[in-house]
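Take a look at the structure set out below.
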Amino acid sequence: QVQLVESGGGLVQPGGSLRLSCTVSGSVFGISVMGWYRQAPGQQRELVATVISGGTTNYADSVKGRFTISRDVAKNTVYLQMNSLKPEDTAVYYCKAVRGARNYWGQGTQVTVSS
């Protein structure tokens, strides 16, 4: 089993920054992909950014140039640095890990961008 715990969400003004963290525990060996997704009220969950085990990253067009995904292998932690936040970034942000044929999700952390 793999457990993921997100933290770092909160309320921020437009143009502000937040850094989300996702700490992974359990059977971490063999995790091939880590990613951040988000779900706004009434909307489907969507991909924000991913990083594969080789370090290659991928971003949704809506966050390119503003968000950065990174990982600290020693700490089993993945980060999402979010800059120049916009009201449309408001959502619950979820961390996901892929290990073999299984996907594991965290419980989510709320990000609200509002003045």
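The values are calculated or read from the model by the stated rules, or taken from the named source; none is laboratory data. What you are looking at is a predicted structure, and each value in this text was computed from that prediction instead of being measured. In this analysis, Cβ positions are derived from the backbone assuming ideal geometry, glycine residues included, and neighbour counts consider all displayed protein chains. For accessibility, only protein heavy atoms count, side chains too; no ligands or nucleic acids. Shrake-Rupley method; radii C 1.70, N 1.55, O 1.52, S 1.80 Å.
Here are the numbers for the structure shown:
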{"read-out": "Accessible surface of the chain [probe 1.4 Å, protein heavy atoms]: carbon and sulfur percent", "value": "48"}
{"read-out": "Projected label distance in nm at residue 102 and residue 53, using a 7 Å step from Cα toward the beta-carbon", "value": "1.6"}
{"read-out": "Computed over the range 1-90, Cα set: Rg, Dmax in Å", "value": "13.3, 38"}
{"read-out": "Accessible area expressed per residue, the chain, with surrounding protein chains retained (probe 1.4 Å, Å²)", "value": "53"}
